[in-house]
Amino acid sequence: MNFRNSTNMISLSDAFPKSNMPGDAEALRGPVRAFIAEKLAGLPAHEKARTWTGFDAEFSRSLGERGWLGLTLPERYGGSGKDAFSRFVVVEELLCAGAPIAAHWIGDRQSGPLLLRFGTEAQKQMYLPDICLGKSVYCIGMSEPNAGSDLAAVRTRAEPDGDGWRLSGSKIWTTYAHKSHYMIALVRTSGTPADRQAGLSQFIIDLALPGVTIRPIQMATGEYEFSEVFFDNVRLDADALVGEAGNGWAQVNAELAFERSGPERIYSSLILLNLWADRLRRSSKDADVVRLGKFLADLATLRNMSLSVTGRLAQNHAPIVEAALIKDLGTAFEQSIPADIADAVGSDPGSPNDQELMQTLAFLLRLSPAFSLRGGTREILRGMIARGLGLR
């Protein structure tokens, strides 16, 4: 696959150089897999399919106790001091097994690395150890009503107030805000939405503060994964500012590279794919086998791309455009699995009824439209990709 910009042709091999999994990272796979198998013994597949939305604080703490959270954070802050490949292995095993990850997911994936890169020493000492132990739950305050994924259009505002700040506004589609302890929010500290990226800053907000109201949003699945969050003149101390005032846009883009590039962007429907593969082993049509082969080829390609970006992260790069491309392609792949399997099952009404397959399929058909919303909409991502390639 090739992409053309204004000066030359860029190939996927240039944008995604091959990365090999180091032996010490691969050595984690066996112990993590055995631990997950023990913890999830007896859990049905339709429950495992909730892996992203599965909220189990005790499970997350047990991961932290074993040193499998905060893997890339330094030991002095409670982490393991390992590289991004080690985290890739742990995440891959969790997602492939359908483990409940929501309680630690955002803190481990992006809030911790963000604070490590841009936080003060006091912030690192205060927040990072509990992230590594799975004791604190984080959410991300980015999208807003009437702004959607256009982050530069945020209106939530923090005004200087003595030695601190006063915060007013709202956020929407905030994952598990109603179960979180902290939010890292992108807000405006100067100018107006017309100034776009200029004047944006990030704050870490204790969601127990007076003036914070959280209203969960019911999804089509019947679950409450997202929330709307309101800030009514919330008083923030000076040390709530993360990084530099006005540098929020650069910081949030670095954060999104962590969010968009990992294996979580390709494995959301894997439990269903495994169930369907098992069904095909018992009884299959040639067209279904071909369809399964295409899924596996796409999965292998996307995994290699994600590994490539992991290699870039391990070298302290911020592969923003590459991460956006993986997220766009990966979520399209994730959405295609339940849609195509539903077509295959519907075209073969005489096949034996598999209740677990049907329950899992029904759940993912309802959930999958959200795959291309979380982490940035398809339109936003493609705009980033086009700009990165010099096409706009």
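The values are calculated or read from the model by the stated rules, or taken from the named source; none is laboratory data. Owing to the predicted nature of the structure, the values given are computational and were not obtained by experimental measurement. Neighbour counts are summed over all protein chains in view; Cβ atoms, including those assigned to glycine, are modelled from backbone coordinates with ideal geometry. Each accessible area value is taken on the protein alone, full model and side chains, heavy atoms only, with ligands, DNA and RNA left out. Shrake-Rupley method; radii C 1.70, N 1.55, O 1.52, S 1.80 Å.
Odds and ends about this structure:
- Selection status of residue 210, of a type outside the set (Phe, Trp, Tyr), part of a strand (DSSP E or B) and over 21 Å from residue 252 (Cβ atoms): no
- Going through (1) part of a strand (DSSP E or B); (2) in contact (Cβ under 8 Å) with a residue 40 or more places away in the chain one by one, residue 215 falls short only on (2).
- In the stretch 179-199 there is at least one residue matching the filter, namely being within 30 Å of residue 63 (Cα to Cα), crowded, with 22+ Cβ neighbours inside 10 Å and small (Gly, Ala, Ser).
- Listed by position, the helices (runs of 4 or more DSSP H) contained in the stretch 222-317 that have at least 1 residues being surrounded by fewer than 20 Cβ atoms within 10 Å (Cβ to Cβ), more than 20 Å from the chain's Cα centre (by Cα) and at pLDDT below 85 are 270-282, 286-314.
- Number of the exception - residue 68 against (1) within 27 Å of residue 308 (Cα to Cα); (2) assigned to a loop (DSSP other than H, G, I, E, B); (3) open to solvent by less than 20 Å² (accessible area, probe 1.4 Å): (3)
- Enumeration of residues in the stretch 113-126 that are over 19 Å from residue 316 (Cβ atoms), open to solvent by 10 Å² or more (accessible area, probe 1.4 Å) and in contact (Cβ under 8 Å) with a residue 12 or more places away in the chain: 120, 122, 125
- Test: residue in the stretch 153-171 that is within 26 Å of residue 57 (Cα to Cα), out of contact with any Gly (no Cβ under 6 Å at 6 or more places or on another chain) and assigned to a loop (DSSP other than H, G, I, E, B): no
- Checklist (1) at pLDDT below 80; (2) open to solvent by 20 Å² or more (accessible area, probe 1.4 Å) applied to residue 354, failing item: (1)
- Candidates in the stretch 43-66 are the residues that are out of contact with any helix residue (DSSP H, G or I) (no Cβ under 8 Å at 6 or more places or on another chain) and in contact (Cβ under 8 Å) with a residue 12 or more places away in the chain; of these, the one that is nearest to residue 266 (Cα to Cα) is 47.
- Residues within the stretch 127-140 that are modelled with pLDDT under 95 and open to solvent by less than 10 Å² (accessible area, probe 1.4 Å), tallied: 0
- Only a single criterion out of (1) open to solvent by less than 30 Å² (accessible area, probe 1.4 Å); (2) under 26 Å from the mean Cα position of the chain (by Cα); (3) modelled with pLDDT of 90 or more; (4) not polar (S, T, N, Q) is not satisfied by residue 164, namely (2).
- Filter result for residue 213 (open to solvent by 50 Å² or more (accessible area, probe 1.4 Å), more than 18 Å from the chain's Cα centre (by Cα) and of a type in the set (Val, Ile, Thr)): yes
- Among residues of the stretch 127-140 that are at positive phi, those with a beta-carbon under 6 Å from a residue that is open to solvent by less than 20 Å² (accessible area, probe 1.4 Å) and not hydrophobic (A, V, I, L, M, F, W, C) at least six positions away or on a different chain give the pairs 134/60; 134/64; 134/104.
- Neighbours by Cβ (under 6 Å, 6+ apart or cross-chain): first from the stretch 229-242, on the phi > 0 side of the Ramachandran plot; second open to solvent by less than 60 Å² (accessible area, probe 1.4 Å) and at pLDDT 95 or above: 233/168; 233/211
- Enumerated helices (runs of 4 or more DSSP H) restricted to the stretch 1-50, each holding at least 2 residues that are at pLDDT below 85: 12-15
- Across the stretch 75-112, the qualifying residues are those that are open to solvent by 30 Å² or more (accessible area, probe 1.4 Å) and closer than 15 Å to residue 127 by Cβ, and the one among them that is farthest from the chain's Cα centre (by Cα) is 76.
Yes/no per residue for (1) of a type in the set (Val, Ile, Thr); (2) in contact with a Leu (Cβ under 7 Å, 6 or more places away or on another chain):
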residue: 200; (1), (2): no, yes
residue: 211; (1), (2): no, no
residue: 241; (1), (2): no, no
residue: 252; (1), (2): yes, yes
residue: 273; (1), (2): no, no
